[in-house]
1. For GLU116, what charge total do you get from the other residues with a beta carbon under 10 Å from its beta carbon, if Lys and Arg give +1 and Asp and Glu give -1?
2. Write down Rg/Rh for the range 248-342, rounded to two decimals, with Rg from the C-alpha atoms and Rh from the Kirkwood relation over Cα pairs.
3. If amide H atoms are built 1.01 Å from N in the plane of the peptide, which residues on other chains or at least 5 residues away come under 5 Å of the amide H of VAL102?
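Just so it is clear, none of the values below were taken in a lab; they were calculated from the coordinates. A quick note: this is a predicted structure, and the numbers were derived from the prediction, not measured. Note that each Cβ is placed from the backbone with ideal geometry, even for glycine, and that neighbours are counted across all protein chains shown.
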Amino acid sequence: MPSASPPDSHDPVAPSPPAAAGPVDREQVTLRLLTADDAPALVDLETRNRDLLLIGAPARSEDWFTEAGQRTAIAHALGAHEAGRSLPLGIWLEEHDRARLVGRLTLSGITRGAFESASLGYWVDHLVTGRGIATHAVRAAIAVAFGALRLHRLQAEVQVGNGASVHLLQRCGFAEYGLAPSSLRLGGEWADCRLFQLVDARWRPTDHATEPAVGADPESVPARAAGTAPESAAEPGPGVLVVGPELPELGEVLDLYDAVGWSAYTDDPATLERAFAGSSHVVTARRDGELLGLARVLSDGATLAYLQDVLVRPEAQQTGLGRRLVAEAFAPYSAVRQQVLLTDADPGQRAFYEALGFTEVHDHEAGLRSFVRLR
């Protein structure tokens, strides 16, 4: 799969998974910041895929395949993360009532200032390839990059001949922009790479209903050009629900708030506009261009993520859309420990948020207290 700067690989061709293994849902795939505790699982993962990674990854010493070597590598990766240069993540699959590490994804070479860009690299265990896991992981990484990290551009390099990664990137909105001869040394040899980029801070993912089935002929997957606005991506078909990161126009936001009776917000449009501009992550739900709902989060990206608003038009309520908006809003913050919100005392609100895994503070086993000062 496309490689970023070290340590990830260039998706060598892998054996097909067992026939019984089917596609996984997006909710089953999670990105988590790597920790030293992941070293044993990484040793197992790297060792099991060693022969394949020899083809598409930088050469590794024997120490790499030991717990000590992985702990050292993780420490270096987390050091780069703390310096703001990298985001080293594990790809976790939840299946059969357990979660296991099935791959790695790194946003590396994060550059601020005039660039606001990063390189994307990832790979997935050959035992679970062909099930949509990498696609879900890349889409989640895009949401993080253009959401919490507020980047402007992602780039990826794919070794010439690696058609599977090319089509995956195209499905996720990347566009090819060049060829770099002998750009990366993989498996001891210098490899020519095709260059891809996604440039769109208002990127919005295409709903799963518009995606080809996992395992479909890669040549039948349409390429999607990356542009500077959501409209540049392939348009979903009529009636398709599209949920993803977007900063909507103020006029349609006001109309949505009015539709659910939140007039305290619409009475002061200028303040509401500033609130959205200052939000860390905003997601919307649209069908045929109509704004059906939205959710927004404020976060420091590391320790706290606060869910501020979740709105769904009356005609779209009781359809599961609110649950999906909350999941998308929190998607970039899966590794953040404190995910909090403040809402009214309506019994329906409690049932809704408890169904999503939230607990009222006074019911929390840790005996926490919450305080608020409203003005």
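1. +3
2. Reported Rg/Rh, Kirkwood definition of Rh: 0.96.
3. HN-HN under 5 Å from VAL102: ILE91, TRP92, LEU93.
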